[in-house]
Amino acid sequence: MTLPIVAVVGRPNVGKSTLVNRLIQAQDAIVHPTSGVTRDRSYHRTDWNGRDFMLVDTGGIEFASGDAFGDSIRDQAVVAAEEADIVVFLVDGAVGVAPGDDEVAALLRRSKKPVFLVVNKLDTPGREEAIHDFWGLGLGEPWPVSALHGHGSGDLLDGLVEALPDWDDTVEEEGIGVAIIGKPNAGKSSLYNKLLGRERAIVSEVAGTTRDAIDTVLHDGDTVFRLVDTAGLRRKSQIDESVEYYGFVRAMRAIDRADVAILVVDAATGVTDQDQRVARFAEERGCGIVIALNKWDLVESPEDKVELVARLPEMLGFIGYAPVVRVSALTGSGVQKLLPTVATVYASYSQSVPTSKINALLTELRSSGHTVSKGGKMLRLQYATQTGVKPPVFTFFANHPRLVDTNYERYLENRLREAFDLLGTPIRLKFRQKG
């Protein structure tokens with residue numbers, strides 16, 4: 001199922017993200033007074049009066065801008081308008097028709113798409129006369145709203161829903177949620193674009209370009225993936241701008257709703273403390289993990305390549321279960337291996353191991369005699385079963401569960417990984433008193 005798409009476009013700082021948040025009744029879109037905060041298209045599923053649709057927030061359209069990202073932002077907004085079923089052109093009612101509004105209106109008239117001309121920032125009821133000048137844009141009747149206070153938003157939603165095209169209401173396949181994560185400038189957006197085969201995200205050498213998480217569904221054979229490009233993650237102490245902080249929070253949300261995280265590591269600089277922190281975020285939140293050693297083509301000597309791989313257990317040993325794929329987002333080398341690896345990890349992440357097999361392993365462990373004891377008490381594992389998936393959770397019933405220490409937990413985890421196919425997935429162990 002493909003949901004109808006409503007794209008919100010307009011100049012910078014007219015309140016697009018505020019309107020999106022108002023219409024979806026959530027704080028998903030980043031709102032900030034700084035121009036250019038929304039750079040990529042950001043997709044938000046919502047509904048009104050029983051009709052589901054996708055609302056797209058875009059960067060501000062400027063035809064003359066000193067922003068290094070100005071052309072890319074404008075291109076992204078134009079693409080959003082082209083793929084949309086309905087376009088909401090948002091203008092600033094507090095300042096009236098501004099320079100640039102005519103150019104945007106002309107662009108939208110040429111698109112031949114249904115356009116709702118929405119006049120924002122009419123925060124005081126009774127100021128509807130401020131909309132009269134906007135008739136001159138040639139886009140039909142203006143819709144007065146206050147995105148901040150909600151005035152007129154219900155009427156706007158009624159109009160949008162009425163204009164939505166018919167669509168197939170079959171069940172939408174969510175696919176395998178994949179969060180592309182990593183420190184800033186590791187090449188996440190470049191890898192994202194290479195996976196999709198088109199320019200879906202803005203790619204830049206400037207760290208922190210991607211501030212919104214942007215989802216795209218990708219079909220690879222019979223497997224469906226939902227890819228999320230996230231803001232680069234860095235230490236909280238290094239997050240100075242509130243905008244970047246919001247991007248950091250968005251990335252955390254993306255990890256929370258992902259099944260598998262692709263940890264993008266810059267092979268040219270090697271594994272760093274920041275890579276460790278990012279990996280820890282994903283591991284703590286229970287994601288399956290694939291390590292993508294990006295920029296592998298920039299590691300010149302065979303000795304450097306061997307050293308880099310040899311350091312992985314030292315730096316990322318706590319996710320030693322994660323498969324490693326050597327890639328170059330620039331040349332495409334190795335990228336074709338990523339999605340099949342993600343699918344394999346997802347199979348491990350979501351699998352259920354039969355209780356009979358778990359207890360057969362437990363019988364072997366007991367016969368080996370390896371256990372822990374303290375204060376005259378000896379641990380005996382009596383029964384085990386899998387009690388959760390995504391990630392797998394194994395519960396052990398024992399006579400003295402408090403005796404289990406970190407070393408013994410690691411021992412059990414290693415034995416489980418040896419016995420069952422648990423590639424790329426964290427596992428959780430629980431211990432309960434029998435009876």
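The values are calculated or read from the model by the stated rules, or taken from the named source; none is laboratory data. The structure presented is a predicted model; accordingly, all values stated were derived computationally and were not measured. Because the Cβ atoms are built from the backbone with ideal geometry, glycine has one as well, and the counts that use them run over all protein chains shown. Remember, those area values only see protein heavy atoms, side chains included, never the ligands or the DNA or RNA. Shrake-Rupley method; radii C 1.70, N 1.55, O 1.52, S 1.80 Å.
If I go through region 129-167 residue by residue, how many of them are open to solvent by less than 50 Å² (accessible area, probe 1.4 Å), at pLDDT below 90 and in contact with a Gly (Cβ under 6 Å, 6 or more places away or on another chain)?
Looking only at that region, the number is 1.
One residue is enough: does region 353-374 have a residue meeting the conditions modelled with pLDDT of 95 or more, closer than 26 Å to ILE176 by Cβ and small (Gly, Ala, Ser)?
no
Which condition does ALA251 not pass, out of (1) open to solvent by 10 Å² or more (accessible area, probe 1.4 Å); (2) modelled with pLDDT under 95, if it passes all the others?
ALA251 satisfies all of (1) open to solvent by 10 Å² or more (accessible area, probe 1.4 Å); (2) modelled with pLDDT under 95 except (1).
Across region 311-337, what is the total count of residues that are closer than 29 Å to GLU413 by Cα and open to solvent by less than 70 Å² (accessible area, probe 1.4 Å)?
Counting residues in region 311-337 that are closer than 29 Å to GLU413 by Cα and open to solvent by less than 70 Å² (accessible area, probe 1.4 Å) gives 12.
If you take the residues of region 45-57 that are surrounded by fewer than 20 Cβ atoms within 10 Å (Cβ to Cβ) and under 18 Å from the mean Cα position of the chain (by Cα), which of them is modelled with the lowest pLDDT?
Here the answer is ARG45.
Of everything in region 96-108 that's in contact (Cβ under 8 Å) with a residue 12 or more places away in the chain and hydrophobic (A, V, I, L, M, F, W, C), which residue is surrounded by the most Cβ atoms within 10 Å (Cβ to Cβ)? Break it down into steps so the answer makes sense when it comes.
The first filter runs over region 96-108 and keeps only residues in contact (Cβ under 8 Å) with a residue 12 or more places away in the chain, leaving 96-98, 100-105, 107-108.
Narrowing further to those that are hydrophobic (A, V, I, L, M, F, W, C): 97-98, 104-105, 107-108.
On the way: VAL97: 17, ALA98: 12, VAL104: 26, ALA105: 20, LEU107: 18, LEU108: 22.
Only one residue tops the list, namely VAL104.
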